[in-house]
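Enquirer: There's a structure below that I have some questions on.
The values are calculated or read from the model by the stated rules, or taken from the named source; none is laboratory data. Worth saying up front: this structure is predicted, and the values here are computed from it rather than measured. Neighbour counts run over all protein chains shown; Cβ positions are idealised from the backbone, glycine included. Side chains included, ligands, DNA and RNA excluded: accessible areas come from the protein's heavy atoms. Shrake-Rupley method; radii C 1.70, N 1.55, O 1.52, S 1.80 Å.
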Amino acid sequence: MVTVHRSHVVIPFEDTPSSILSLSHCDQIKLPTHGSQLYLYANTCINNSSFKILMHTLSTSLSKVLTHYYPFAGRLRWIQGGRMQLLCNAKGALLVEASCDHQLKMEDLGDFAPSHVVEQLVPKIDYDVPIEEIPLLAAQLTRFPCGSLILGLAMCRALVDGASVSGFVKSWAKLARGESLDSSLMPVLDRTLLDSRKLNKPPRFEHVEFFPPPLWTGNSFQHTNMRQQLVTAILELTKGRVEKLKKKACDFGERRPFTSFEVISGHLWRCVCKVRYVGNGDQPTRLTTLVNCRNRLSPSLPKAYFGNATFPTVTPTCSFDDIMHKPLSYAVGKLREAIERMNDEYVRSALDYIANLKDMHLLRNTFYNSSGKGKFNGDPNLYVVGWTNFSYYDTDFGWGKPLCTLPGNVNSDGKAFLMDNARGDGFIVAICLQASHIDALKKLFYEDIDKPSAKL
């Protein structure tokens, strides 16, 4: 359904430094694969001629922004111990022009259906070639008969986190509109800022976030041993419903109100445990999330720091019974403890832990549980990525602000993204689960919010 008409490499507009950059320890724990985003622009009413002009503007502005964000125009290479280096060699980013003969409707994208169309909206990355040949940034603009445009971005996880992506896309859009970048948008590229202290000492904490996650046990394993299709669902929450969740959580004695992220994630954890439950109340489970530590370090990282500064944190391992039957404040409180643990001392200890590792491949395989792929399908855990408080909805390349922005793929069992909605009056949860669990989750997610606290 999606036809690629043209793809070309865009190099920086001006000469950029040619060098080899060491990635930070926080970069090293990330996968060298690409995360993706979709930006939907509705009813732009462009014709063939204006679309060509639009693509030219997009290409020119990308070339200009790469002059400042030149690491995105580089390539990675493997070095000893499974670590990576960044080659700043100006090989460029990939820009793809495409069209789709499918009459896109909002509900199609909102429910990630038809999924084969959604997959084609993200630029395809060829991982069969050497890593030195893989672009770190790829963008695809797809035009639809209804007048809509979708910009799909694929960005290397080892290079950027959500805050870095937000700054880059904001800068690119501003240049596309013919404006100049002020000093606040100039990226800070010095990755030694994150590794500024001597790291040749042992960590001071037990870093359970890097320990293997719980697996299915006993009857749970047999229940999930049959491979099932994974499906992504979109759940929307008004701020009114979020306030209900906050009240339920604080009804049990919490003095400081929980954040929206904490209560939504804790509530989602309970619901996911309930739909996965098959009489296995003692099944171990944990929740993993990422914490932006820019302002948790001392001194803080610059706001425009371009790189990874989000560290994983995990709740204690709990049982399904704990999460399902104890008050909502139990699950939410466990998440809060995990987030609050991430202070300067703990993060510095995590950096020391990573620095002392002999094999980064082993850490990545353990943390992302990639070594278990193919053995069975299913996961008893939840992994929530927060995309709130980023300026993604301000991404105007000259044809208006996006009507919707979503992850381009959510394809791991139990992975979820929490985002603001476009209106700013609520939240969107995109979650991937086994197909047999999706309908139950959609029903339970709202029913449990609306129940009186005493019945939870």
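Enquirer: Quick check: anything in segment 268-289 open to solvent by less than 10 Å² (accessible area, probe 1.4 Å), aliphatic (A, V, I, L, M) and in a strand (DSSP E or B)?
Expert: Checking segment 268-289: at least one residue is open to solvent by less than 10 Å² (accessible area, probe 1.4 Å), aliphatic (A, V, I, L, M) and in a strand (DSSP E or B).
Enquirer: Same structure again: Only one of ALA430, ALA435 is touching a residue at least 12 places away in the same chain (Cβ under 8 Å) and open to solvent by less than 10 Å² (accessible area, probe 1.4 Å); which?
Expert: ALA430
Enquirer: Please state which of the following conditions VAL160 fails to meet, knowing it meets all the rest: (1) under 20 Å from the mean Cα position of the chain (by Cα); (2) more than 30 Å from ALA355 (Cα to Cα).
Expert: Every listed condition holds for VAL160 apart from (2).
Enquirer: Could I ask something else about it? Within segment 438-452, track down each residue that is open to solvent by 40 Å² or more (accessible area, probe 1.4 Å) and either among the hydrophobic types (A, V, I, L, M, F, W, C) or part of a strand (DSSP E or B) (or both).
Expert: Result: ALA440, single match.
Enquirer: Has segment 59-70 got at least one residue that is open to solvent by 10 Å² or more (accessible area, probe 1.4 Å), at pLDDT below 95, farther than 17 Å from LYS170 by Cβ and out of contact with any strand residue (DSSP E or B) (no Cβ under 6 Å at 6 or more places or on another chain)?
Expert: For segment 59-70, residues open to solvent by 10 Å² or more (accessible area, probe 1.4 Å), at pLDDT below 95, farther than 17 Å from LYS170 by Cβ and out of contact with any strand residue (DSSP E or B) (no Cβ under 6 Å at 6 or more places or on another chain): absent.
Enquirer: To continue, here is another question. Quick one: which of ALA249, ALA233 is of a type in the set (Gly, Ala, Ser) and outside any helix (DSSP H, G or I)?
Expert: Answer to the check: ALA233.
Enquirer: Would you mind listing the helices (runs of 4 or more DSSP H) fully within segment 300-401 where at least 2 residues are charged (D, E, K, R)?
Expert: Where helices (runs of 4 or more DSSP H) fall fully within segment 300-401 and carry at least 2 residues being charged (D, E, K, R), they are 320-325, 328-340, 344-355.
Enquirer: For segment 290-299, what are the residues that are assigned to a loop (DSSP other than H, G, I, E, B) and within 22 Å of the chain's Cα centre (by Cα)?
Expert: The answer is CYS293, ARG294, ASN295, ARG296, LEU297.
Enquirer: I'd like the residue in segment 144-190 that is of a type in the set (Lys, Arg) and in contact with a Gly (Cβ under 9 Å, 6 or more places away or on another chain) and, out of all such residues, is surrounded by the fewest Cβ atoms within 10 Å (Cβ to Cβ).
Expert: This residue is ARG177.
Enquirer: Same structure again: Could you look through segment 45-54, keep only residues that are over 17 Å from VAL96 (Cα atoms) and in contact (Cβ under 8 Å) with a residue 24 or more places away in the chain, and pick out the one that is most open to solvent (accessible area, probe 1.4 Å)?
Expert: CYS45
Enquirer: What are the residues in segment 104-131 that are open to solvent by 60 Å² or more (accessible area, probe 1.4 Å) and at pLDDT below 65, if any?
Expert: Correct list: LYS105, MET106, GLU107, ASP111.
Enquirer: Is there any pair linking a residue in segment 352-372 that is modelled with pLDDT under 85 to one that is assigned to a helix (DSSP H, G or I), with Cβ under 6 Å and at least six apart or on different chains, and which?
Expert: Short answer, once both residue conditions are applied: PHE367/PHE210; SER371/ASN365.
Enquirer: Would you call GLY424 at pLDDT below 95, open to solvent by 10 Å² or more (accessible area, probe 1.4 Å) and either part of a loop (DSSP other than H, G, I, E, B) or not hydroxyl-bearing (Ser, Thr, Tyr) (or both)?
Expert: yes
Conditions tested, residue by residue: (1) more than 20 Å from VAL4 (Cβ to Cβ); (2) without any contact (Cβ under 8 Å) to a residue 12 or more places away in the chain.
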position	(1), (2)
VAL122	no, no
VAL129	no, yes
GLU133	no, no
GLN140	no, no
ARG143	no, no
LEU149	no, no
ASP161	yes, no
PHE168	yes, no
LEU175	yes, no
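Enquirer: Sticking with this one: Quick check: anything in segment 1-11 part of a loop (DSSP other than H, G, I, E, B), closer than 30 Å to LEU194 by Cα, open to solvent by 50 Å² or more (accessible area, probe 1.4 Å) and not basic (Lys, Arg)?
Expert: yes
Enquirer: Please list, ordered by first then second residue, the pairs with beta carbon atoms under 8 Å, 6 or more apart or interchain, first in segment 203-220 and closer than 21 Å to VAL384 by Cβ, second open to solvent by 50 Å² or more (accessible area, probe 1.4 Å) and at pLDDT below 90.
Expert: Partner pairs satisfying both residue conditions: LEU215/PHE221; TRP216/HIS223.
Enquirer: Regarding THR57, is this residue in contact (Cβ under 8 Å) with a residue 24 or more places away in the chain and within 15 Å of PHE397 (Cβ to Cβ)?
Expert: yes
Enquirer: Out of the residues in segment 236-246 that are open to solvent by 40 Å² or more (accessible area, probe 1.4 Å) and either without any contact (Cβ under 8 Å) to a residue 60 or more places away in the chain or part of a strand (DSSP E or B) (or both), which is farthest from SER260 (Cα to Cα)?
Expert: Restricting to residues being open to solvent by 40 Å² or more (accessible area, probe 1.4 Å) and either without any contact (Cβ under 8 Å) to a residue 60 or more places away in the chain or part of a strand (DSSP E or B) (or both), the top hit is GLU236.
Enquirer: Of all residues in segment 374-419, which are more than 30 Å from THR217 (Cβ to Cβ), without any contact (Cβ under 8 Å) to a residue 60 or more places away in the chain and surrounded by 19 or more Cβ atoms within 10 Å (Cβ to Cβ)?
Expert: Residue satisfying the conditions is MET419 alone.
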